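The values are calculated or read from the model by the stated rules, or taken from the named source; none is laboratory data. This one's a predicted model, so the numbers in the text were calculated from it and none came from an experiment. A quick note on method: Cβ atoms are made from the backbone with ideal geometry, for glycine too, and the neighbour counts reach across all protein chains shown. Note: areas computed on protein heavy atoms with side chains; ligands, DNA, RNA excluded. Shrake-Rupley method; radii C 1.70, N 1.55, O 1.52, S 1.80 Å.
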Amino acid sequence: MIEALKNLSFRTLFDAIADAAIVIESTGHVVLMNPAAQQLFGYTENELMGLAVEMLITPRYRKQYRYYQTLFLDKPAKLPMGTGNEIMVCNRSGQEMLLDMSFSPIEVQQLYVLITFTVSRQRLKVEDTLRVREECLRLAKQAAGFGIFDYDFKRGVVYWDKQMREFWGGYPGEIISYEGFVAMIHPADRAGRQAALDYAMNPVSHGAYKAEYRVIDPLDKAERWIAVVGRVYFEGDHANRLVSVARDVTEQKILQKELRVPRNEAEKIFEQQAAARTASAIAHELNQPLTAISAYSEVVLHTLRNDSFDVERLKNALQGCVEQTQRAGRGLHELIAFLQKSELATEPLNLNDVIREALDVVVSDGSGKFRARLKLEQDLPAVQCNRTQVHKVLVNLFRNAAEAMQTTDSPILTIITQMQVLNDKNRALVSVQDNGPGLDQAMAKRIFEPFFTTKQTGIGMGLAISRALIESNGGELWVESDEGSGASFHFTLPFAP
């Protein structure tokens, strides 16, 4: 009976079928297998001859296969399996494949079953969708100049695409050791990059990774700035993979450097003009009271020198000094009220986001080389403040810290956010700590005074303005410092209602 299936005409037609085809007995054992099936499953016909076809079906799908086999044997007729009921098969190497399957009867003295396997329509649809998306991603990546890399923490290797390898000087291999990857990063930028990676590997960060660093071409030693954004993936609480995209921002860095000089000069001129106008307004407000106080004081001195101790005249002169002093005080308060009379626009803000934005500004404008250590409380409630003013205060504090650490071998700027309870009220506390030379007690007492400065080119208005801005937002700003151990500036802000 089997010989009838193996005659030349049937065998020729059977082997010519483009789809994978297998003939089985009603018991489910393999009788014939065409070349397409042998290629699909990786077995020769002789290897499967007489074995149950179920061995090709993934175990979790065998119940489904038996159900359709029973339907077919009860009423032999062509029976394609319905859409959504595809069968998962397994080839010789263990690879699973989702396929459509159909049964057809062959009657040669007894019933044989022709099973054909074709690529699942669902699988084809998914593959087509993936191809379209991959092409869109490729075109977008090509247009934007993005490089992609995948760092496997367990194996200690980095998988990267062609664009990424070009960033690294045209490295030839698609895989590089993590040590080799880091070796081409500028030594001065490795600590900052590692700090960003350590933060992303902490589960409280939700895996967010962002860094900028320079890469040194091993051939011509040229430097290239790379900006990276990615995400760390976890198994439980353990980081096991980092997937990132990178782009070359060298031209942007060069342009920023070129613009930095005129911008800094413009800011300095603006600050000097603001200081000059403020000083002029103060002088105008104090000029007349001070002139009057001087005249009254001369009267007192003249009376005392001539021993003509006229008590009434002395009382009048001293009373005039008191009145003019009070007048000067009122004038100053009115001037300050006038300068601050505009209504402050505040909004609920994520303080950690404002800190990161300000830090990016200071890092990108090259105010100083330092490593930032962020200890930001992830569940900090929103604060109620003016974004522009608080951003300005943070930039000023960060720049001051960077300048203070210029002579430090390993400058570290530590930024901390936390909740503080004072007088039964919760508020946000921000601490900015540097490891520079610090301030002595006399300097710490005067550091917020207008026109007091420790810089050779400073005008002494930055911290005074910063304190005024924080206070206008309902907070406080103060400093703690021990000479030789760095300075810590702290400020508070109210939480949003």
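Using a 1.4 Å probe, what is the accessible area per residue for region 170-245, in Å²? The partial results should precede the final answer.
Numbers: 4130 Å² over 76 residues.
Per-residue value: 54 Å².
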Pop out the ³J(HN,Hα) list for region 226-242 in order, Karplus 6.51 cos²θ - 1.76 cosθ + 1.60 with θ = phi - 60°, rounded to Hz; leave Gly and Pro as x.
10, 10, 10, 10, x, 8, 8, 10, 10, 10, x, 9, 10, 6, 10, 7, 10
Give the residue from 227, 202, 158 lying farthest towards the positive end of the charge dipole for region 143-254; charges sit on Cβ (+1 for Lys and Arg, -1 for Asp and Glu) and the dipole is referred to the Cα centre.
202
Among 23-33, 151-161, the order from most to least packed when residues are scored by Cβ within 10 Å on average:
23-33, 151-161
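Residue 241: net charge of surrounding residues, Cβ under 12 Å, Lys/Arg +1, Asp/Glu -1, itself excluded? All intermediate terms of the calculation are to be shown ahead of the outcome.
Numbers: positive: 154, 155, 231; negative: 150, 152, 235.
Computed value for this residue: 0.
With a sphere of radius 14 Å drawn around the Cβ of residue 409, what net charge do the other residues whose Cβ falls strictly inside it have (Lys, Arg +1; Asp, Glu -1)?
Details: positive: 369, 371; negative: 434.
Charge balance in the 14 Å sphere: +1.
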So which of 210/375; 221/253; 253/369; 392/425 end up more than 20 Å apart by C-alpha?
392/425
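If you add up the charges near residue 41, with Lys and Arg at +1 and Asp and Glu at -1, over every other residue whose beta carbon is less than 14 angstrom from its beta carbon, what do you get? Please report the intermediate quantities before stating the final value.
Details: positive: 92; negative: 19, 45, 47, 54, 96.
With Lys, Arg at +1 and Asp, Glu at -1, the net is -4.
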Please report the spacing between the Cα centers of region 49-116 and region 464-497 in Å, no decimals.
75
Taking square-rooted eigenvalues a ≥ b ≥ c of the alpha carbon gyration tensor, is region 181-239 rounded, prolate or oblate, where a/c under 1.5 means rounded and, failing that, a/b exceeding b/c means prolate?
prolate
